[in-house]
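Here is the structure we will look at.
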Amino acid sequence: MSKTNPEYIITASLPPKELQRAWLDYFTDLLPLGIAVCVLLVGIIIWFTRRSFTMGLEIIEGLRLGEFEVHYQPMVTLATGEVCCAEALLRWQRQNGSKISPELFIGYAEENGQIGLLTQFVLEKVITDLAQLANQDIPISVNLAGSDLASPMFVENLTALCKKHQLAPNRIELEITERSLVLGQSAIEVITCLRQAGHVILIDDFGTGYSSLSYLHNLPVDILKIDKSFVQALGSGAATHHVASHIVQMAKALGLSVVAEGIETTEQAEILKEMGVEWGQGWLYAKAMPFAELRQFLQGSTPTTLKPLSSDPLPDAV
(Lines give C-alpha, C1' and ligand atoms only; values in the text may rest on other atoms or scores of the structure.)
Protein backbone atom coordinates (compact mmCIF):
# COMPACT_ATOMS: atom_id res chain seq x y z
CA MET A 1 0.00 0.00 0.00
CA SER A 2 1.57 3.25 -1.20
CA LYS A 3 1.12 6.68 0.16
CA THR A 4 0.58 9.66 -2.10
CA ASN A 5 2.18 13.01 -1.42
CA PRO A 6 -0.38 15.62 -0.47
CA GLU A 7 -0.74 18.61 -2.88
CA TYR A 8 -0.65 22.09 -1.47
CA ILE A 9 -2.06 25.18 -3.19
CA ILE A 10 -0.91 28.53 -1.90
CA THR A 11 -2.86 31.62 -2.82
CA ALA A 12 -2.26 35.25 -2.03
CA SER A 13 -4.67 38.08 -2.26
CA LEU A 14 -4.88 41.77 -1.65
CA PRO A 15 -7.80 43.70 -0.39
CA PRO A 16 -9.66 45.41 -3.27
CA LYS A 17 -8.66 48.88 -2.09
CA GLU A 18 -4.95 48.00 -2.05
CA LEU A 19 -5.21 46.37 -5.50
CA GLN A 20 -6.85 49.50 -6.90
CA ARG A 21 -4.17 51.63 -5.30
CA ALA A 22 -1.41 49.47 -6.86
CA TRP A 23 -2.92 49.78 -10.32
CA LEU A 24 -3.33 53.52 -9.87
CA ASP A 25 0.32 53.89 -8.89
CA TYR A 26 1.38 51.79 -11.91
CA PHE A 27 -0.76 53.88 -14.27
CA THR A 28 0.55 57.13 -12.78
CA ASP A 29 4.14 56.02 -13.29
CA LEU A 30 3.57 55.12 -16.97
CA LEU A 31 1.36 58.08 -17.88
CA PRO A 32 4.20 60.56 -18.60
CA LEU A 33 5.96 57.99 -20.80
CA GLY A 34 2.73 57.33 -22.72
CA ILE A 35 2.14 61.04 -23.26
CA ALA A 36 5.73 61.52 -24.45
CA VAL A 37 5.42 58.66 -26.96
CA CYS A 38 2.12 60.04 -28.30
CA VAL A 39 3.56 63.54 -28.67
CA LEU A 40 6.59 62.12 -30.49
CA LEU A 41 4.43 60.13 -32.92
CA VAL A 42 2.18 63.11 -33.61
CA GLY A 43 5.25 65.30 -34.18
CA ILE A 44 6.72 62.80 -36.65
CA ILE A 45 3.44 62.62 -38.59
CA ILE A 46 3.19 66.42 -38.74
CA TRP A 47 6.83 66.71 -39.83
CA PHE A 48 6.41 64.21 -42.66
CA THR A 49 3.16 65.84 -43.78
CA ARG A 50 4.69 69.32 -43.82
CA ARG A 51 7.89 68.03 -45.45
CA SER A 52 5.93 66.36 -48.24
CA PHE A 53 3.88 69.49 -48.85
CA THR A 54 7.02 71.65 -48.75
CA MET A 55 8.84 69.35 -51.18
CA GLY A 56 6.06 69.79 -53.73
CA LEU A 57 6.27 73.58 -53.49
CA GLU A 58 10.06 73.46 -53.62
CA ILE A 59 10.03 71.45 -56.87
CA ILE A 60 7.77 74.02 -58.53
CA GLU A 61 9.83 76.89 -57.14
CA GLY A 62 13.06 75.16 -58.15
CA LEU A 63 11.87 74.89 -61.74
CA ARG A 64 10.94 78.57 -61.73
CA LEU A 65 14.30 79.62 -60.32
CA GLY A 66 16.33 77.43 -62.68
CA GLU A 67 17.74 75.22 -59.93
CA PHE A 68 17.35 72.05 -61.99
CA GLU A 69 20.00 71.03 -64.50
CA VAL A 70 20.34 68.14 -66.92
CA HIS A 71 23.60 66.20 -66.88
CA TYR A 72 24.62 63.63 -69.48
CA GLN A 73 26.41 60.32 -69.04
CA PRO A 74 27.86 58.90 -72.27
CA MET A 75 27.33 55.30 -73.40
CA VAL A 76 29.96 53.58 -75.51
CA THR A 77 30.14 50.73 -77.98
CA LEU A 78 31.97 48.04 -76.03
CA ALA A 79 33.70 46.63 -79.10
CA THR A 80 35.32 49.95 -80.08
CA GLY A 81 35.02 52.30 -77.10
CA GLU A 82 33.35 54.95 -79.25
CA VAL A 83 30.56 57.08 -77.80
CA CYS A 84 27.23 56.01 -79.24
CA CYS A 85 24.68 57.75 -77.01
CA ALA A 86 24.23 59.61 -73.73
CA GLU A 87 21.66 59.38 -70.96
CA ALA A 88 20.03 62.53 -69.58
CA LEU A 89 20.06 62.66 -65.77
CA LEU A 90 18.26 65.34 -63.78
CA ARG A 91 20.14 67.15 -60.99
CA TRP A 92 18.84 69.63 -58.43
CA GLN A 93 21.05 72.14 -56.63
CA ARG A 94 19.36 74.74 -54.44
CA GLN A 95 20.40 78.37 -54.51
CA ASN A 96 21.93 77.91 -51.06
CA GLY A 97 24.30 75.32 -52.55
CA SER A 98 22.64 72.21 -51.13
CA LYS A 99 21.99 69.27 -53.46
CA ILE A 100 18.84 67.16 -53.38
CA SER A 101 19.24 63.50 -54.27
CA PRO A 102 17.35 62.37 -57.40
CA GLU A 103 16.15 59.32 -55.48
CA LEU A 104 14.40 61.71 -53.10
CA PHE A 105 12.79 64.30 -55.36
CA ILE A 106 12.01 62.02 -58.31
CA GLY A 107 10.41 59.45 -56.03
CA TYR A 108 8.34 62.19 -54.42
CA ALA A 109 7.32 63.66 -57.79
CA GLU A 110 6.22 60.25 -59.07
CA GLU A 111 4.05 59.66 -56.01
CA ASN A 112 2.50 63.13 -55.97
CA GLY A 113 1.78 63.83 -59.61
CA GLN A 114 4.61 66.28 -60.36
CA ILE A 115 6.81 64.00 -62.42
CA GLY A 116 5.21 65.31 -65.62
CA LEU A 117 6.64 68.77 -64.94
CA LEU A 118 10.12 67.33 -64.51
CA THR A 119 9.84 65.12 -67.60
CA GLN A 120 8.73 68.09 -69.69
CA PHE A 121 11.66 70.16 -68.39
CA VAL A 122 14.15 67.40 -69.24
CA LEU A 123 12.73 66.87 -72.74
CA GLU A 124 12.82 70.58 -73.56
CA LYS A 125 16.39 70.92 -72.28
CA VAL A 126 17.59 67.78 -74.09
CA ILE A 127 16.02 68.77 -77.39
CA THR A 128 17.47 72.29 -77.10
CA ASP A 129 20.92 70.86 -76.38
CA LEU A 130 20.72 68.32 -79.20
CA ALA A 131 19.98 71.15 -81.62
CA GLN A 132 23.47 72.45 -80.75
CA LEU A 133 25.07 69.10 -81.59
CA ALA A 134 24.35 69.17 -85.31
CA ASN A 135 27.81 67.81 -86.08
CA GLN A 136 27.53 65.06 -83.45
CA ASP A 137 24.88 62.64 -84.63
CA ILE A 138 24.32 60.88 -81.32
CA PRO A 139 20.98 60.29 -79.60
CA ILE A 140 20.11 61.16 -76.01
CA SER A 141 18.01 58.84 -73.86
CA VAL A 142 15.42 60.28 -71.48
CA ASN A 143 13.81 58.44 -68.58
CA LEU A 144 10.02 58.31 -68.49
CA ALA A 145 7.71 57.54 -65.58
CA GLY A 146 4.66 55.32 -65.77
CA SER A 147 2.41 58.38 -65.47
CA ASP A 148 4.04 59.90 -68.57
CA LEU A 149 2.74 56.94 -70.53
CA ALA A 150 -0.76 57.26 -69.10
CA SER A 151 -1.63 60.24 -71.32
CA PRO A 152 -1.94 60.02 -75.12
CA MET A 153 -1.08 63.75 -75.16
CA PHE A 154 2.49 62.84 -74.28
CA VAL A 155 3.09 61.56 -77.82
CA GLU A 156 1.67 64.74 -79.36
CA ASN A 157 3.69 67.00 -77.09
CA LEU A 158 6.95 65.18 -77.82
CA THR A 159 6.24 65.17 -81.57
CA ALA A 160 5.57 68.92 -81.47
CA LEU A 161 8.83 69.55 -79.60
CA CYS A 162 10.86 67.60 -82.16
CA LYS A 163 9.22 69.42 -85.06
CA LYS A 164 9.77 72.80 -83.40
CA HIS A 165 13.52 72.18 -83.21
CA GLN A 166 13.68 70.20 -86.49
CA LEU A 167 15.02 67.19 -84.64
CA ALA A 168 14.67 63.65 -85.95
CA PRO A 169 12.72 61.46 -83.47
CA ASN A 170 15.48 58.84 -83.42
CA ARG A 171 17.72 61.40 -81.66
CA ILE A 172 15.48 61.02 -78.58
CA GLU A 173 15.53 57.56 -77.05
CA LEU A 174 13.06 56.80 -74.26
CA GLU A 175 13.83 54.71 -71.17
CA ILE A 176 11.06 53.03 -69.20
CA THR A 177 11.81 51.33 -65.90
CA GLU A 178 10.89 47.68 -65.67
CA ARG A 179 8.89 48.42 -62.51
CA SER A 180 6.54 50.64 -64.53
CA LEU A 181 5.86 47.95 -67.11
CA VAL A 182 2.84 46.61 -65.25
CA LEU A 183 0.77 48.90 -67.44
CA GLY A 184 -2.65 48.92 -68.97
CA GLN A 185 -3.34 48.52 -72.65
CA SER A 186 -3.56 52.28 -73.13
CA ALA A 187 0.02 52.76 -71.91
CA ILE A 188 1.27 50.01 -74.19
CA GLU A 189 -0.48 51.77 -77.06
CA VAL A 190 1.39 54.98 -76.15
CA ILE A 191 4.71 53.08 -76.23
CA THR A 192 3.73 51.64 -79.61
CA CYS A 193 2.97 55.12 -80.97
CA LEU A 194 6.30 56.45 -79.69
CA ARG A 195 8.17 53.61 -81.35
CA GLN A 196 6.26 54.05 -84.61
CA ALA A 197 7.15 57.75 -84.52
CA GLY A 198 10.83 56.76 -84.64
CA HIS A 199 11.88 56.76 -80.97
CA VAL A 200 14.01 53.88 -79.69
CA ILE A 201 12.48 52.31 -76.57
CA LEU A 202 14.67 50.97 -73.76
CA ILE A 203 13.73 49.07 -70.61
CA ASP A 204 15.84 50.52 -67.80
CA ASP A 205 17.09 48.67 -64.69
CA PHE A 206 16.15 45.33 -66.22
CA GLY A 207 16.19 42.42 -63.79
CA THR A 208 14.86 44.38 -60.80
CA GLY A 209 11.17 44.31 -61.75
CA TYR A 210 8.53 41.85 -62.77
CA SER A 211 8.76 41.35 -66.53
CA SER A 212 8.41 37.82 -67.83
CA LEU A 213 9.64 36.48 -71.15
CA SER A 214 6.12 36.29 -72.56
CA TYR A 215 5.34 39.84 -71.42
CA LEU A 216 8.49 41.23 -73.03
CA HIS A 217 7.67 39.44 -76.25
CA ASN A 218 4.50 41.52 -76.58
CA LEU A 219 6.08 44.87 -75.70
CA PRO A 220 7.27 47.24 -78.43
CA VAL A 221 10.81 47.72 -77.10
CA ASP A 222 14.26 47.70 -78.71
CA ILE A 223 16.87 47.54 -75.94
CA LEU A 224 17.29 46.12 -72.43
CA LYS A 225 19.52 47.90 -69.92
CA ILE A 226 21.02 45.52 -67.38
CA ASP A 227 20.78 46.98 -63.89
CA LYS A 228 24.14 48.02 -62.44
CA SER A 229 23.76 45.71 -59.43
CA PHE A 230 24.08 42.69 -61.74
CA VAL A 231 26.98 44.22 -63.64
CA GLN A 232 28.90 44.89 -60.45
CA ALA A 233 28.36 41.27 -59.37
CA LEU A 234 30.27 39.96 -62.41
CA GLY A 235 33.34 37.99 -61.44
CA SER A 236 32.64 38.50 -57.74
CA GLY A 237 31.28 35.04 -57.00
CA ALA A 238 28.11 36.61 -55.61
CA ALA A 239 24.82 34.76 -55.93
CA THR A 240 23.70 37.18 -58.66
CA HIS A 241 26.81 36.99 -60.85
CA HIS A 242 25.02 34.79 -63.43
CA VAL A 243 21.98 37.08 -63.77
CA ALA A 244 23.58 39.34 -66.40
CA SER A 245 24.33 36.34 -68.60
CA HIS A 246 20.72 35.13 -68.36
CA ILE A 247 19.42 38.60 -69.27
CA VAL A 248 21.65 38.74 -72.34
CA GLN A 249 20.44 35.31 -73.45
CA MET A 250 16.83 36.39 -72.98
CA ALA A 251 17.41 39.59 -74.95
CA LYS A 252 19.04 37.73 -77.83
CA ALA A 253 16.16 35.23 -77.94
CA LEU A 254 13.78 38.18 -78.34
CA GLY A 255 15.92 39.98 -80.90
CA LEU A 256 16.74 42.85 -78.50
CA SER A 257 20.01 44.71 -78.01
CA VAL A 258 21.61 45.17 -74.58
CA VAL A 259 23.19 48.03 -72.64
CA ALA A 260 25.05 47.34 -69.39
CA GLU A 261 24.92 50.05 -66.72
CA GLY A 262 27.36 50.73 -63.91
CA ILE A 263 30.55 49.38 -65.52
CA GLU A 264 33.42 50.19 -63.17
CA THR A 265 36.28 47.89 -64.16
CA THR A 266 37.89 46.65 -67.36
CA GLU A 267 37.24 43.10 -66.15
CA GLN A 268 33.50 43.75 -66.12
CA ALA A 269 33.68 45.29 -69.59
CA GLU A 270 35.54 42.29 -71.00
CA ILE A 271 33.07 39.82 -69.50
CA LEU A 272 30.15 41.77 -70.94
CA LYS A 273 31.75 41.89 -74.41
CA GLU A 274 32.21 38.11 -74.32
CA MET A 275 28.52 37.76 -73.43
CA GLY A 276 27.56 39.73 -76.52
CA VAL A 277 26.54 43.00 -74.86
CA GLU A 278 26.70 45.79 -77.44
CA TRP A 279 26.91 48.94 -75.32
CA GLY A 280 28.14 50.00 -71.90
CA GLN A 281 27.76 52.89 -69.49
CA GLY A 282 29.52 53.70 -66.25
CA TRP A 283 32.38 55.43 -64.46
CA LEU A 284 34.94 53.33 -66.33
CA TYR A 285 34.19 55.48 -69.37
CA ALA A 286 32.74 58.77 -68.16
CA LYS A 287 30.83 60.42 -65.35
CA ALA A 288 27.59 62.34 -65.76
CA MET A 289 28.45 65.88 -66.83
CA PRO A 290 26.84 69.21 -67.75
CA PHE A 291 26.13 69.85 -71.43
CA ALA A 292 29.15 72.13 -71.90
CA GLU A 293 31.46 69.36 -70.67
CA LEU A 294 29.66 66.82 -72.84
CA ARG A 295 30.42 68.87 -75.96
CA GLN A 296 34.10 68.98 -75.08
CA PHE A 297 34.06 65.27 -74.23
CA LEU A 298 32.52 64.38 -77.59
CA GLN A 299 35.06 66.46 -79.48
CA GLY A 300 37.92 64.50 -77.94
CA SER A 301 36.27 61.11 -77.39
CA THR A 302 38.11 58.55 -79.49
CA PRO A 303 38.70 54.90 -78.54
CA THR A 304 42.23 55.83 -77.43
CA THR A 305 41.11 58.69 -75.20
CA LEU A 306 38.39 56.76 -73.37
CA LYS A 307 40.37 55.65 -70.35
CA PRO A 308 39.14 54.79 -66.83
CA LEU A 309 38.68 57.90 -64.71
CA SER A 310 40.42 56.29 -61.78
CA SER A 311 42.25 53.12 -60.92
CA ASP A 312 39.71 52.55 -58.16
CA PRO A 313 36.09 51.56 -58.85
CA LEU A 314 33.72 54.47 -58.47
CA PRO A 315 29.97 54.47 -57.93
CA ASP A 316 27.81 54.89 -61.01
CA ALA A 317 25.70 57.99 -61.45
CA VAL A 318 22.12 57.87 -60.35
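The values are calculated or read from the model by the stated rules, or taken from the named source; none is laboratory data. Please read all numbers here as calculations on a predicted model, not as lab measurements. A quick note on method: Cβ atoms are made from the backbone with ideal geometry, for glycine too, and the neighbour counts reach across all protein chains shown.
One table, with the values for the structure above:
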read-out	value
Segment 102-125, subset in contact (Cβ under 8 Å) with a residue 12 or more places away in the chain and of a type in the set (Gly, Ala, Ser), residue nearest to Glu58 (Cα to Cα)	Ala109
Candidates Ile176, Ile172, Ile203, Ile247, filtered to the one that is at pLDDT 95 or above and of a type in the set (Val, Ile, Thr)	Ile172
Unique match (being over 26 Å from Glu124 (Cα atoms) and either at pLDDT below 95 or within 19 Å of the chain's Cα centre (by Cα) (or both)) among Ala187, Ala233	Ala233
Number of the exception - Trp279 against (1) touching a strand residue (DSSP E or B) at 6+ places or on another chain (Cβ under 7 Å); (2) modelled with pLDDT under 95	(2)
Failed item in (1) in a helix (DSSP H, G or I); (2) surrounded by fewer than 23 Cβ atoms within 10 Å (Cβ to Cβ); (3) touching a strand residue (DSSP E or B) at 6+ places or on another chain (Cβ under 9 Å); (4) not aliphatic (A, V, I, L, M), with Gln268 passing the rest	(2)
Some residue of segment 222-230 being surrounded by fewer than 19 Cβ atoms within 10 Å (Cβ to Cβ) and part of a loop (DSSP other than H, G, I, E, B)	yes
So Ile100, is it outside the structural domain of Glu293 (by TED's automatic domain parsing) and either modelled with pLDDT under 95 or closer than 25 Å to Ala150 by Cα (or both)	no
Segment 111-167, residues that are closer than 27 Å to Gln185 by Cα, among the aliphatic types (A, V, I, L, M) and part of a loop (DSSP other than H, G, I, E, B)	Ala145
When residues of segment 128-143 are limited to those that are among the hydrophobic types (A, V, I, L, M, F, W, C) and modelled with pLDDT of 95 or more, the one surrounded by the fewest Cβ atoms within 10 Å (Cβ to Cβ)	Ile140
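So that you can scan it fast, the table gives a plain yes or no per residue for (1) in a helix (DSSP H, G or I); (2) modelled with pLDDT under 65; (3) exposed (fewer than 11 other Cβ atoms within 10 Å of the Cβ):
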position	(1), (2), (3)
Thr4	no, yes, yes
Arg21	yes, no, no
Thr49	yes, yes, yes
Leu63	yes, no, no
Thr80	no, no, no
Arg91	no, no, no
Asn96	no, no, yes
